[in-house]
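What follows is a set of notes on a single structure, which appears directly below.
The values are calculated or read from the model by the stated rules, or taken from the named source; none is laboratory data. The structure displayed is predicted, hence computed values, not measured ones. Cβ placement follows ideal geometry from the backbone for every residue including glycine, while neighbour counts extend to all protein chains displayed.
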Amino acid sequence: MAEKILSAYERAVDDGLFNTDGAPAWAARDVGALEARCAELERMRKGFETKAFPDDAIREEQVKWLNESVETLVSYVNDIWEKVQQDHDLLPFTLADHRRDVMEVA
């Protein structure tokens, strides 16, 4: 039996990309909104995948386009997580610098 190929949305879900546990409020809000859009596109993609769709060429074109649209949104989610990581990486450095500055002045 052939292995099922996952869509961009299914891969993102499997990778935990939309998990916002412990995320800053702004990131959770933005990721949640993007996931909702991805889920809508995924529902449309699955609708086009039905064999009942009359034109195979149009169906394949739409499935491909919808999957690419999800990939674009997933890249935005990755950008959000990169920004969260950058903010997290900078925070301790900034606090350490601040503490050192305070100690030097005292």
Practice prompt. Take the residues in the range 1-20 that are over 23 Å from residue 65 (Cβ atoms) and either in contact with a helix residue (DSSP H, G or I) (Cβ under 7 Å, 6 or more places away or on another chain) or at pLDDT below 90 (or both), then tell me which one is surrounded by the most Cβ atoms within 10 Å (Cβ to Cβ).
Written response: 20
Discussion item. Taking the condition of being more than 20 Å from residue 14 (Cα to Cα), loosely packed, with under 13 Cβ neighbours inside 10 Å and acidic (Asp, Glu), how many residues in the range 53-74 meet it?
Written reply: 3
Worksheet item: Within the range 41-49, is even one residue modelled with pLDDT under 85 and not in a helix (DSSP H, G or I)?
Response: yes
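Conditions tested, residue by residue: (1) in a helix (DSSP H, G or I); (2) hydrophobic (A, V, I, L, M, F, W, C); (3) within 16 Å of residue 63 (Cα to Cα); (4) in contact (Cβ under 8 Å) with a residue 60 or more places away in the chain.
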{"site": "5", "(1), (2), (3), (4)": "no, yes, yes, no"}
{"site": "9", "(1), (2), (3), (4)": "yes, no, yes, yes"}
{"site": "16", "(1), (2), (3), (4)": "no, no, no, no"}
{"site": "19", "(1), (2), (3), (4)": "no, no, no, no"}
{"site": "26", "(1), (2), (3), (4)": "yes, yes, no, no"}
{"site": "33", "(1), (2), (3), (4)": "yes, yes, no, no"}
{"site": "37", "(1), (2), (3), (4)": "yes, no, yes, no"}
